[in-house]
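Before any comments, here is the structure.
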């Protein structure tokens, strides 16, 4: 519940955190010069936005109370609508997870690497709390973090280096300045996550990380690439095609199981005769999915999106969500960005902004806080919660109820917190972090640009998506056909991200250590070393949480 709730609202740059600012920014900052009143306002639904200038004055200027009825009623309408949208979105994903859990967890026995730490922490048979390596790792990771926090108060103390930014060495040296992400990090959190990865995924991430960097360097050397963030070689578009190929591959491989689930839900003969252990019965999950998708369809259509766009958007979103859950269940990658693989990005490439229409572009902008980086996506957490319930630890059906309620409640609480902070400190005063304003500004200006310069399908980007699709399918075929094939197809689209590229030294070191450990010590040695790496995760996360609480208390 905590993971789902915070995942929906925790970061302005990821999911949900920019929503309150985004639905208000185009109306408070509209001027005669930018022409937003005529250009943007007609394409942004009034019931999803905050337009009242009197209520917005306190939100951006601060020094006012948010607990006046005139303020509350203005914010309550969009808050309730967005809570219903997010609630329906997460409910539909929960129904999908209830349908596929048996296949992935019981039949295929996927390892769910991200659940290892919480499960072992509460499993008496694991003896995690008695392990000396566990406590040693907690001491190391939390000790380094605490020391670095202390150096912020006592600058004379030396900092324990946990990262290195080399952008100053390459920014004026062509083509090295075209490396997409110019920093590396080796935090305890990264070390622990990297150790949990399967060896083939770690090696594949290293390989494709080097390949992506080489691609930008070579194309930059010949003058074909002028920016690491757009244009040729269209790396982001290639990753979008790669994720689409993963979706297609997963659906094809599980097609027989999906058919059996549908037969069971329709009351026909099926080998899946018992669904009492699922979060929802198969019939209930299918009906729940239909209700959730139906509401989302009505919601988006009311916002002005044509039927074909709604169908395409929802199909792509839920397909990518299932693929993301599958990646986490099978491989536990240390990050999954997906920002450039979300439906709004792909549809703009394939159909063009002109064919999508201004109303659709307006809805995409309002939904973009949920379509940015998916690093903190709560969708895989639902499936991981259902996995952790096995063995009688929890009742899946009760777990499903609280997960379904957590999502809309989190959005309501997010609006409450955002409005409280805004009216107290002011989002436009400099008392709050600049990115609280910069992300909504970026989204609004991007919408204005797209409306003024509407374009048709982006042929080079679409071709790059097709290239990524084909490459990933070929890698999947080779992986399934030859046991000796070393490259995992998942790594191709995942490797082009800031987190993976900053983790390269850590991935290399942990891959080498784990490979040697398994080769010469076997599975027993791996299990003996596991508490140390789990301790690195626990110590780093605990200290980071305490630090945030202390900072929040100090800010009050």
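The values are calculated or read from the model by the stated rules, or taken from the named source; none is laboratory data. Source: prediction; values computed, not measured. Please note: Cβ atoms are built from the backbone with ideal geometry, for glycine as well, and neighbour counts cover all protein chains shown.
Is it fair to say residue 324 is assigned to a helix (DSSP H, G or I), touching a helix residue (DSSP H, G or I) at 6+ places or on another chain (Cβ under 7 Å) and under 17 Å from residue 443 (Cβ atoms)? Walk me through how you get there before you give the answer.
Values: assigned to a helix (DSSP H, G or I): yes; touching a helix residue (DSSP H, G or I) at 6+ places or on another chain (Cβ under 7 Å): yes; under 17 Å from residue 443 (Cβ atoms): no.
Taking the combined requirement at face value, the residue does not satisfy it.
Residue 226 versus (1) closer than 23 Å to residue 178 by Cβ; (2) buried (at least 18 other Cβ atoms within 10 Å of the Cβ); (3) over 25 Å from the mean Cα position of the chain (by Cα): which is the lone unmet condition?
With respect to (1) closer than 23 Å to residue 178 by Cβ; (2) buried (at least 18 other Cβ atoms within 10 Å of the Cβ); (3) over 25 Å from the mean Cα position of the chain (by Cα), residue 226 is out only on (2).
Could you please find all residues in the range 147-176 being surrounded by 11 or more Cβ atoms within 10 Å (Cβ to Cβ), without any contact (Cβ under 8 Å) to a residue 40 or more places away in the chain and under 30 Å from residue 216 (Cα atoms)?
Kept after step one, since they are surrounded by 11 or more Cβ atoms within 10 Å (Cβ to Cβ), are these residues of the range 147-176: 147-151, 157, 159-160, 162-167, 169-171, 174-176.
Cutting the leftovers down to without any contact (Cβ under 8 Å) to a residue 40 or more places away in the chain gives us 147-148, 150-151, 157, 159-160, 162, 164-167, 169-171.
Scanning the range 147-176 gives 162, 164, 165, 166, 167, 169, 170, 171.
Hey, among 393, 397, which residue is more than 24 Å from residue 74 (Cβ to Cβ), over 23 Å from the mean Cα position of the chain (by Cα) and loosely packed, with under 15 Cβ neighbours inside 10 Å?
On the way: 397 fails: loosely packed, with under 15 Cβ neighbours inside 10 Å.
Within the list 393, 397, the selection yields 393.
Restricting to the range 281-312, name every residue that is closer than 25 Å to residue 350 by Cβ and in a loop (DSSP other than H, G, I, E, B).
Those that are closer than 25 Å to residue 350 by Cβ and in a loop (DSSP other than H, G, I, E, B): 303, 304, 305, 306.
Return the residues of the range 77-120 that are outside any helix (DSSP H, G or I) and in contact with a helix residue (DSSP H, G or I) (Cβ under 9 Å, 6 or more places away or on another chain); say none if nothing qualifies. Even if it seems obvious, please write down each step before you answer.
In the first step, residues of the range 77-120 are kept if they are outside any helix (DSSP H, G or I); the result is 108-112.
Selection gives 108, 110, 111, 112.
Hey, can you tell me all the residues within the range 433-462 that are free of Cβ contacts under 8 Å to residues at least 60 places away in the same chain and either crowded, with 18+ Cβ neighbours inside 10 Å or part of a helix (DSSP H, G or I) (or both)?
Scanning the range 433-462 gives 438, 442, 445, 449, 459.
Across the range 292-304, which residue is surrounded by the most Cβ atoms within 10 Å (Cβ to Cβ) among those that are more than 24 Å from the chain's Cα centre (by Cα) and touching a residue at least 12 places away in the same chain (Cβ under 8 Å)?
The selected residue is 303.
What number goes with the only condition from (1) free of Cβ contacts under 8 Å to residues at least 40 places away in the same chain; (2) surrounded by fewer than 22 Cβ atoms within 10 Å (Cβ to Cβ) that residue 49 does not pass?
(1)
I need a count of the residues in the range 259-279 that are closer than 21 Å to residue 324 by Cα and either without any contact (Cβ under 8 Å) to a residue 60 or more places away in the chain or part of a loop (DSSP other than H, G, I, E, B) (or both).
Looking only at the range 259-279, we keep the residues that are closer than 21 Å to residue 324 by Cα, and these are 261, 278-279.
From what's left, either without any contact (Cβ under 8 Å) to a residue 60 or more places away in the chain or part of a loop (DSSP other than H, G, I, E, B) (or both): 278-279.
Final tally of qualifying residues: 2.
For residues that are in contact (Cβ under 8 Å) with a residue 40 or more places away in the chain and assigned to a loop (DSSP other than H, G, I, E, B), tally how many sit in the range 8-34.
11
Determine which single condition residue 387 fails, assuming it passes every other condition in (1) over 15 Å from residue 101 (Cβ atoms); (2) at pLDDT 85 or above; (3) touching a helix residue (DSSP H, G or I) at 6+ places or on another chain (Cβ under 8 Å); (4) part of a helix (DSSP H, G or I).
(1)
Being touching a residue at least 24 places away in the same chain (Cβ under 8 Å) and out of contact with any helix residue (DSSP H, G or I) (no Cβ under 9 Å at 6 or more places or on another chain) is the filter here, so list the residues in the range 62-76 that pass it. Write out each step before concluding.
So in the range 62-76, the residues touching a residue at least 24 places away in the same chain (Cβ under 8 Å) come out as 62-66, 71, 74-75.
Across the range 62-76, there are no qualifying residues.
Being in a helix (DSSP H, G or I), touching a helix residue (DSSP H, G or I) at 6+ places or on another chain (Cβ under 7 Å), touching a residue at least 24 places away in the same chain (Cβ under 8 Å) and under 13 Å from residue 246 (Cα atoms) is the filter here, so list the residues in the range 467-489 that pass it.
Of all residues in the range 467-489, those in a helix (DSSP H, G or I) come to 467-481.
Restricting the remaining residues to those that are touching a helix residue (DSSP H, G or I) at 6+ places or on another chain (Cβ under 7 Å) gives 467-469, 471-473, 475-476.
If we keep only those that are touching a residue at least 24 places away in the same chain (Cβ under 8 Å) as well, we get 467-469, 471-473, 476.
Passing the criteria: 468, 469, 471, 472, 473, 476.
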